[in-house]
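Q: Quick one: structure below, then a few questions.
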Amino acid sequence: MLEIKDLKKNFGNKKVLKGINLTINDGERIGIIGPSGCGKSTFLRSLNMLEVPTSGKVILNNDKIDLNDNLSNLRKKVGMVFQQFNLFNNMTVLDNIILAPVKQGLMSKSDATKEAIKLLKKIDLEDKKLNYPRELSGGQRQRIAIIRALIMKPDIMLFDEPTSALDPEMIGEVTKLMREIAKNGMTMVIVSHEMSFIKDFCTRVIFMDDGNIVEEGTPEEIFDHPKDSRVKSFLSKVKDI
């Protein structure tokens with residue numbers, strides 16, 4: 001379980017997060033939606049301290065997270081998938097995947113390689129293990145980025161706009177893999193503008209605006225019966241739901 005209590009984040013005089021309170025239970029798939037610039041990605045990045053909160057608490061499985069902790073231990077438990085893949089272009093696909101578990105002492109290089117190849121087989125990309133990221137399509141790179149996070153066996157996976165950099169035909173490749181991961185009970189938090197995917201995939205939806213959670217509920221409650229006028233206005237302009 002992940003608990004967020006009165007989380008605030010300022011950039012200089014700009015208040016980006018204004019006091020977020022949220023509890024994420026094991027196995028939930030949380031979709032975070034809202035207008036650009038409302039604080040969605042900052043909130044997501046604060047959950048594993050890629051952005052250091054100005055104040056507030058993040059509590060993972062009853063343990064408060066702060067900068068005095070070993071953040072590498074935190075990032076073993078909280079995986080992150082980025083919009084722009086964040087693969088190392090000078091390393092092969094295989095080396096990208098095994099880097100973190102070997103460097104952090106979770107696996108030997110031999111064991112990590114075996115696990116990486118097993119994961120690559122699952123997504124039909126074993127034949128790309130010695131390729132470099134620049135030689136792959138966007139959909140292939142994002143799937144590699146996902147299994148790079150997955151090999152760490154995290155408790156929670158965070159997805160920051162995982163399909164926004166992809167051509168439409170590649171989005172299905174990535175969302176299919178996310179659905180496969182969900183079948184195993186992975187807790188997932190997803191920031192996305194793909195409203196139809198959020199509505200269909202997530203168990204709970206959070207609407208953010210101006211650094212606050214404005215409304216939350218089931219996909220049906222948020223998309224079909226929103227209560228707040230700001231949510232209604234936002235969804236009225238969305239075409240893919």
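The values are calculated or read from the model by the stated rules, or taken from the named source; none is laboratory data. Fair warning: this is a prediction, and the values are worked out from it, not measured in the lab. Cβ: placed from backbone, ideal geometry, glycine included. Neighbour counts: every protein chain shown. Only protein heavy atoms, including side chains, enter the accessible area calculation; ligands, DNA and RNA are left aside. Shrake-Rupley method; radii C 1.70, N 1.55, O 1.52, S 1.80 Å.
Q: Give the accessible surface of the chain per residue, rounded to a whole number of Å², with probe radius 1.4 Å and ligands, DNA and RNA excluded.
A: Each residue of the chain exposes 48 Å² on average to a 1.4 Å probe.
Q: Mean separation of Cα pairs under 8 Å and 6+ residues apart, divided by the residue count of the chain: what relative contact order is that in percent?
A: The value is 27 percent.
Q: Expressed as a rounded percentage, what relative contact order does region 113-179 have, with Cα pairs under 8 Å and six or more residues apart?
A: Numbers: 34 pairs, mean separation 24.7, N = 67.
The value is 37 percent.
Q: Right, something else. In Å and from the alpha-carbon atoms only, list the Rg and Dmax of the chain.
A: 18.0, 55
Q: Output ³J(HN,Hα) for region 185-191: one whole-Hz value per residue in order, computed from phi by the Karplus curve 6.51 cos²θ - 1.76 cosθ + 1.60 with θ = phi - 60°, and x for Gly and Pro.
A: Result, rounded to whole Hz: x, 5, 6, 9, 10, 10, 8.
Q: Take every DSSP beta bridge whose two residues both sit in the chain, then give the antiparallel share in percent to the nearest 5.
A: Percent antiparallel among DSSP bridges in the chain is about 55.
Q: Here's a follow-up. Please give the FRET efficiency for E3 paired with N89, using the beta carbon to beta carbon distance and R0 = 35 Å, rounded to the nearest 0.05.
A: With a Förster radius of 35 Å, E is 0.40.
Q: Sticking with this structure for a sec: Among I98, L2, S55, which residue has its Cα furthest toward the positive end of the charge dipole of region 1-100, with +1 on Lys/Arg Cβ and -1 on Asp/Glu Cβ?
A: S55
Q: Pull up all non-local amide H partners of I206: gap of 5 or more, or a different chain, and H-to-H distance under 5 Å with H placed in the peptide plane.
A: Those lying under 5 Å, H to H, from I206 are G31, I32, I33.
Q: Past the 22 Å Cα-Cα mark, which pairs from K9/K57; K77/K199; K18/K77? Mind showing how you got there, number by number?
A: Numbers: K9/K57 11 Å; K77/K199 26 Å; K18/K77 26 Å.
Going by Cα-Cα distance, K77/K199; K18/K77 fall outside the 22 Å limit.
Q: Is there a quick way to get the dipole size of region 1-137? I mean about its Cα centre, with the Cβ of Lys and Arg at +1 and of Asp and Glu at -1; what is the value in debye to the nearest 20?
A: 340
Q: Give the whole-number value, in cubic angstrom per residue, of the convex hull volume spanned by the C-alpha atoms of region 81-155.
A: With only Cα atoms used, region 81-155 gives 86 Å³ per residue.
Q: Heavy atoms only, probe 1.4 Å: what % of the accessible area of region 82-241 goes to carbon and sulfur, would you let me know?
A: 47
Q: Check cross-link reach from K114 to the aspartates and glutamates: straight Cα distance under 18 Å, and skip same-chain residues fewer than eight apart.
A: D95, D124, E126, D127
Q: Explain nothing, just compute: Karplus ³J(HN,Hα) = 6.51 cos²θ - 1.76 cosθ + 1.60, θ = phi - 60°, for every residue of region 198-209 in order, whole Hz, x for Gly and Pro.
A: My calculation for region 198-209 gives 4, 5, 7, 9, 7, 8, 8, 10, 10, 9, 10, 7 Hz in order.
Q: Let me ask you something else. Karplus couplings for region 134-140 from phi (6.51 cos²θ - 1.76 cosθ + 1.60, θ = phi - 60°), rounded to Hz, Gly and Pro as x?
A: Once rounded to whole Hz, the list reads 5, 8, 10, 6, x, x, 5.
Q: Using amide H atoms built 1.01 Å from N in the peptide plane, name the residues 5+ places from M80, or on other chains, whose amide H lies under 5 Å from its own.
A: Correct list: L158.
Q: Measuring from label point to label point, each 7 Å out along Cα→Cβ, what is the D127 to D155 span in nm?
A: Label-label distance for D127 and D155, simple model: 4.1 nm.
Q: Sticking with this structure for a sec: Tell me which residues come under 5 Å, amide H to amide H, from V16 once H is placed; ignore anything under 5 positions away on its chain.
A: K9, N10, F11
Q: Cβ neighbours within 10 Å, averaged per peptide: list 191-204, 120-133 in order, most packed at the top.
A: 191-204, 120-133
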